[in-house]
Amino acid sequence: MEPDVTAAMLRRVEELQRLADSIAEHHPYWPALHFTLQLLRRLVEKWHEDFSGEEYEELTWLAEKVLDSVKKIQPRQE
């Protein structure tokens, strides 16, 4: 992927982060959104590079936080 496309992806992720951070943090979906965007940002930042062991550990931690956050979302009772 071209560097300008990578920069454009990063700008979009940053825009989404600002928007998510401006909404009420008490919303039940906010943690899942927040950690998903953090994970996405790390992936885009390293688009042309390999991850170090520490960076990989951070990715897995963020993925676990996403999963934990999704598990806390209560499904609609039908």
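The values are calculated or read from the model by the stated rules, or taken from the named source; none is laboratory data. Everything numeric in this text was worked out from a predicted model, so none of it was measured. In this analysis, Cβ positions are derived from the backbone assuming ideal geometry, glycine residues included, and neighbour counts consider all displayed protein chains. Note: areas computed on protein heavy atoms with side chains; ligands, DNA, RNA excluded. Shrake-Rupley method; radii C 1.70, N 1.55, O 1.52, S 1.80 Å.
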In what sequence, largest accessible area first, do His48, His27 appear using a 1.4 Å probe? His48, His27
Quick one: if you stick a label point 7 Å off each Cα along the C-beta vector at Tyr56 and Arg42, how many nm between them? 1.3 nm
Once you list every other residue whose beta carbon is under 13 Å from the beta carbon of Thr60, what net charge do they have if Lys and Arg are +1 and Asp and Glu are -1? -4
If you build a Gaussian network model of the chain, linking Cα atoms that sit under 10 Å apart, which residue out of Ala24, Ala63, Ala32 swings the most? Ala24
Express the accessible area of the stretch 5-72 per residue in Å², computed with a 1.4 Å probe while the remaining protein chains stay in the model. 71 Å²
Diagonalise the Cα gyration tensor of the chain and give the resulting equivalent ellipsoid semi-axes, square root of 5 times each eigenvalue, largest first, whole Å. 26, 17, 10
Here the FRET efficiency for Ile23 versus Lys72, based on Cβ atoms and R0 = 22 Å and rounded to 0.05, is 0.80
If you roll a 1.4 Å probe over the chain with all protein chains in place, what percent of the accessible area is carbon or sulfur? 56 percent
